[in-house]
Amino acid sequence: MNYRHAFHAGNFADLVKHAALLHLLDVMQADAIPLQIIDTHAGSGLYDLRGPQAQRSGEAQAGVMRMMAATDRPGALDNLVQAVRAANGGSAEPWLYAGSPWLIARALRPGDTYLACEMQPQEHARLAEVVGDRPGVSTLCGDGFSQAANALDPAARNLVLIDPPFEKADDYDRIAVLASEALALAPGTTFLIWLPLKDLETFDAFLRDLEDACEPAPMLVVEARMRALGDPMTMNGCALVLIHPPEGLAPQLQAAAEWVTAGEAGGQARVWSLG
């Protein structure tokens with residue numbers, strides 16, 4: 001499958017991921033301590049839902065467009081709704097969808113920093129146009145897996161966002177390796193990891209490997225299953241794994257995942273602790 005951001009911008013998985021990201025930023029910015037954010041696979045930062053890639057998949061219709069038109073959405077999605085409106089000049093009609101770089105750059109306070117890594121040169125060029133001139137933001141055209149640990153400041157409050165395209169067989173292994181290396185350098189680092197849910201065997205194996213690599217760090221797992229996890233070639237849902245999650249996030253994440261999966265045959269939302 002192709003997990004490139006532009007094909008799936010504004011889909012159900014983006015709603016889960018970005019609602020979680022905004023709540024995580026709110027909690028981690030609740031005091032005056034500066035925050036350093038590293039994004040390993042940033043993408044281009046802003047996506048035209050009228051573009052050929054988004055139109056080809058059509059996934060935004062059941063995602064962000066459904067969310068913006070809904071009258072039953074939970075308060076857990078309010079921050080994301082406001083951000084989508086801001087990205088569209090105040091309009092509730094979403095022709096642009098803001099990716100993680102746009103959301104993060106908009107949320108930075110004086111003293112916060114954000115390093116956005118993107119390996120694809122064209123994507124990186126667009127990323128630099130979208131957020132490169134924001135205070136506290138720097139972009140890097142390179143492999144975020146190999147750059148993130150070295151960029152960590154052990155003395156800072158760190159947040160690492162990992163959202164790879166999963167086009168390479170070793171992406172799961174590299175997530176576990178990066179988490180282990182980063183926690184060795186900066187033990188209190190918080191991670192927000194996104195992954196597709198395809199089959200239970202792949203998901204469970206990843207969680208076991210991550211737990212082994214990061215023990216004894218606490219983790220919070222968010223599952224948004226759109227259908228039964230049976231076909232390893234199909235994206236049947238998505239999951240988030242938060243390492244060193246701040247307290248108080250679970251109810252908001254549960255509410256967001258429940259709304260996204262509601263009405264789907266076999267839909268299921270779960271938030272649970274690991275480690």
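As a summary of the residue check, G237 satisfies the conditions (1) surrounded by fewer than 23 Cβ atoms within 10 Å (Cβ to Cβ); (2) in contact (Cβ under 8 Å) with a residue 24 or more places away in the chain; (3) of a type outside the set (S, T, N, Q) except for the one numbered (1).
Given the criteria under 15 Å from F166 (Cα atoms) and either assigned to a strand (DSSP E or B) or more than 20 Å from the chain's Cα centre (by Cα) (or both), does L240 qualify?
Numbers: under 15 Å from F166 (Cα atoms): yes; either assigned to a strand (DSSP E or B) or more than 20 Å from the chain's Cα centre (by Cα) (or both): yes.
Judged against the criteria, L240 is a match.
Among the residues making up the range 55-80, those that are surrounded by 18 or more Cβ atoms within 10 Å (Cβ to Cβ), within 19 Å of the chain's Cα centre (by Cα) and closer than 26 Å to V27 by Cβ are G63, V64, M67, A76, L77, N79, L80.
Exactly one residue out of E201, E211 is over 30 Å from I33 (Cβ atoms), out of contact with any helix residue (DSSP H, G or I) (no Cβ under 8 Å at 6 or more places or on another chain) and not in a loop (DSSP other than H, G, I, E, B), and it is E201. Taken over the range 87-123, residues that are in contact with an Asp or Glu (Cβ under 9 Å, 6 or more places away or on another chain), crowded, with 22+ Cβ neighbours inside 10 Å and either within 30 Å of A155 (Cα to Cα) or among the acidic types (D, E) (or both) amount to 8. From the list F191, F206, the one residue that fits, being surrounded by fewer than 20 Cβ atoms within 10 Å (Cβ to Cβ) and either assigned to a strand (DSSP E or B) or aromatic (F, W, Y) (or both), is F206. Only a single criterion out of (1) farther than 15 Å from N11 by Cα; (2) surrounded by 13 or more Cβ atoms within 10 Å (Cβ to Cβ) is not satisfied by A224, namely (1).
Test A148 against the stated conditions and say whether it is in contact with a strand residue (DSSP E or B) (Cβ under 7 Å, 6 or more places away or on another chain), under 19 Å from P101 (Cα atoms) and among the aliphatic types (A, V, I, L, M). Don't jump to the end; show me each part of the working.
Details: in contact with a strand residue (DSSP E or B) (Cβ under 7 Å, 6 or more places away or on another chain): yes; under 19 Å from P101 (Cα atoms): yes; among the aliphatic types (A, V, I, L, M): yes.
For A148, the condition - in contact with a strand residue (DSSP E or B) (Cβ under 7 Å, 6 or more places away or on another chain), under 19 Å from P101 (Cα atoms) and among the aliphatic types (A, V, I, L, M) - is met.
The set of residues from the range 110-120 being of a type outside the set (D, E, K, R) and in a strand (DSSP E or B) comprises T113, Y114, L115, A116, C117. Residues of the range 157-176 that are crowded, with 16+ Cβ neighbours inside 10 Å and of a type in the set (A, V, I, L, M): L159, V160, L161, I162, I175, A176.
Residue by residue through the range 203-237, note down the ones that are under 19 Å from the mean Cα position of the chain (by Cα), farther than 20 Å from N158 by Cβ and not hydrophobic (A, V, I, L, M, F, W, C). Before the answer, list the steps.
At the first step, the residues of the range 203-237 found to be under 19 Å from the mean Cα position of the chain (by Cα) are 203, 206-207, 210, 218-226, 235-237.
With the extra rule that they be farther than 20 Å from N158 by Cβ, the set shrinks to 203, 206-207, 221-226, 235-237.
Passing the criteria: E223, R225, N236, G237.
Taking into account only those residues within the range 240-275 that are polar (S, T, N, Q) and touching a strand residue (DSSP E or B) at 6+ places or on another chain (Cβ under 9 Å), which is surrounded by the fewest Cβ atoms within 10 Å (Cβ to Cβ)?
Quick first cut of the range 240-275, residues polar (S, T, N, Q) only: 252, 254, 261, 268, 273.
Going one step further and asking which of them are touching a strand residue (DSSP E or B) at 6+ places or on another chain (Cβ under 9 Å), we end up with 254, 261, 268, 273.
Numbers: Q254: 17, T261: 22, Q268: 16, S273: 11.
For the range 240-275, the residue satisfying everything is S273.
Can you tell me which residues in the range 121-159 are assigned to a loop (DSSP other than H, G, I, E, B) and touching a residue at least 12 places away in the same chain (Cβ under 8 Å)? First the steps, then the outcome.
From the range 121-159, those assigned to a loop (DSSP other than H, G, I, E, B) are 132-136, 142-143, 152-156; that's our starting set.
If the condition is that a residue be assigned to a loop (DSSP other than H, G, I, E, B) and touching a residue at least 12 places away in the same chain (Cβ under 8 Å), then R134, P135, G136, G142, D143, L152, D153, P154, A156 are the ones that fit.
Which condition breaks for E264 when tested against (1) in contact (Cβ under 8 Å) with a residue 40 or more places away in the chain; (2) in a loop (DSSP other than H, G, I, E, B); (3) closer than 26 Å to D72 by Cα? Answer for E264: the failing condition is (1).
Read-outs throughout are calculated quantities, based only on the coordinates presented, and are distinct from any laboratory measurement. These numbers were taken from a predicted model, which means no experiment stands behind them. As a convention, Cβ positions derive from the backbone with ideal geometry for all residues, glycine included, and neighbour counts pool all protein chains shown.
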